[in-house]
Amino acid sequence: MPSLPYPDPRVALATLHGKADALAPAFAPLGLRIEPVAIDTDALGTFSGDIERRGPPRDVAIEKARRGMAAAGTRLGIATEASFGPDPILGFLPVHHELIAFVDDVHGHVVVVEAMGRDTNWQSTAVRSPDDAEPLLLSSGFPEHALLVRPNRFEPGMAIAKGLVTRETVSAAIRAAAAASADGLARVETDMRAHVNPTRMRRIAALARELADRLARPCPACGAPGFGRAGIVTGLPCADCGTPTDLARAERHACGACGHAEEHPRGDGRTSADPAACPSCNP
Ligand SMILES: [Zn+2]
Ligand SMILES: [Zn+2]
């Protein structure tokens with residue numbers, strides 16, 4: 001990969017959670033250096049819910065990156081933002097949404113990559129005693145992956161025990177949280193912060209490689225790094241009657257710096273839609 005056209009190779013990474021090791025290898029071949037800045041991104045919201053998140057993940061990530069840039073005095077910044085929970089459609093299966101924002105004030109744009117996947121150990125359950133937590137301990141990748149424990153009926157100001165990696169601390173935290181909760185239950189969850197969750201750390205590393213590949217593509221019009229997929233163009237024609245459907249006809253690739261955009265064929269090579277998706281054949 002060629003070095004990118006940046007006068008200063010430092011990319012500020014606002015984090016308390018040691019993500020630099022997952023991000024740095026992807027960016028080194030581009031000549032970019034990740035500079036961790038220890039600022040409290042938890043103030044923008046946490047997984048455990050003790051501080052409510054504000055705004056869409058993309059905006060929160062950009063805000064985090066900008067705080068790091070301000071603290072480090074750089075014109076490049078990076079931040080990750082993730083959410084975990086039960087699949088909104090399938091219910092019990094967990095899904096993991098991860099996003100990385102790269103803020104480039106040299107060229108005046110932001111490149112965002114994101115991924116949705118099931119390769120997560122996310123779990124959450126309410127228990128009355130340490131014994132009840134045994135199935136979660138056995139299926140969550142504990143103790144390589146840490147757990148957190150809080151009162152099930154959580155109220156502001158209550159304690160959350162995070163980063164637990166021994167049975168003794170988990171048991172003690174469950175007893176304390178259950179005693180503090182109005183319903184006598186403790187909520188035990190996987191701790192999803194990257195530095196205590198190797199599965200998430202791997203996901204971040206893979207997404208960082210995707211972002212680096214994208215940054216290696218210069219805009220054909222202005223040369224800014226990061227030309228790539230920005231959305232879809234609908235209108236894939238019906239295989240029977242040719243009517244445009246709501247399915248993607250093409251990918252839209254764009255430059256956030258100058259606005260140059262191109263249409264590229266679908267990655268899967270499809271050029272027509274199943275008539276079942278056609279508003280004319282199957283209204
Ligand atoms: Zn451009
Ligand atoms: Zn049709």
### Message
Could you work out the pair-distance distribution P(r) of region 106-244 from its alpha-carbon pairs, with 5 angstrom bin width and percents rounded to whole numbers?
### Response
2, 9, 14, 13, 10, 9, 8, 8, 8, 8, 6, 3, 1, 0
### Message
Over the chain, what is the relative contact order in percent, taking alpha-carbon pairs closer than 8 angstrom and at least six residues apart?
### Response
14
### Task
State the answer as a single residue: which of PRO36, ALA65, HIS17 lies farthest towards the positive end of the charge dipole of the chain, with beta carbon charges of +1 for Lys and Arg and -1 for Asp and Glu, about the Cα centre.
PRO36
## Note on the structure
the chain, Gaussian network, Cα under 10 Å: of ASP21, ASP246, ASP268, the residue fluctuating most is ASP268
### Summary
Cα-based Rg/(2.2 N^0.38 Å) for region 61-143, rounded to two decimals, is 1.53
### Sorted largest first, extent of region 228-277 alpha carbons per principal axis (Å)
40, 17, 12
### For MET158, MET69, order by how many other beta-carbon atoms lie within 10 Å, fewest first
MET158, MET69
### Query
How do SER140, SER181, SER83 rank when sorted from fewest to most other Cβ atoms within 10 Å of their own Cβ?
SER83, SER181, SER140
### Task
Set the Förster distance to 41 Å, then compute FRET efficiency between ARG33 and VAL233 from the Cβ-Cβ distance, nearest 0.05.
0.65
### Message
How would LEU90, LEU148, LEU13, LEU185 line up from fewest to most surrounding beta-carbon atoms within 10 angstrom?
### Response
LEU90, LEU185, LEU148, LEU13
### Task
Taking the chain as the reference, fit the longest principal axis to its C-alpha atoms, fit the long axis of helix 167-180 to the helix C-alpha atoms, and give the angle between the two in degrees, 0 to 90, nearest 10.
80
### Summary
Expressed in nanometres to one decimal, the distance between label points 7 Å along Cα→Cβ at LEU138 and GLU168 is 2.4
### Query
Given charges of +1 on the Cβ of Lys and Arg and -1 on the Cβ of Asp and Glu, with all other atoms neutral, how large is the dipole of the chain about its Cα centre, in debye to the nearest 20?
420
### Task
Quote the convex hull volume per residue of the chain, based on C-alpha atoms, as a whole number of Å³.
157
### Query
What list of ³J(HN,Hα) values in whole Hz, one per residue of region 190-203 in order, does the Karplus curve 6.51 cos²θ - 1.76 cosθ + 1.60 (θ = phi - 60°) give from phi, with Gly and Pro shown as x?
5, 7, 8, 5, 4, 6, 10, 9, x, 5, 5, 4, 5, 4
### Task
Under 12 Å from the Cβ of ASP191, count the other residues' Cβ atoms, weight Lys and Arg +1, Asp and Glu -1, and hand me the total.
+2
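None of the figures in this text is laboratory data; all of them are computed from the coordinates on show. As the structure is a computational prediction, the values presented were derived from the model and not from experiment. Positions of Cβ are backbone-derived with ideal geometry, glycine not excepted, and every protein chain shown enters the neighbour counts.
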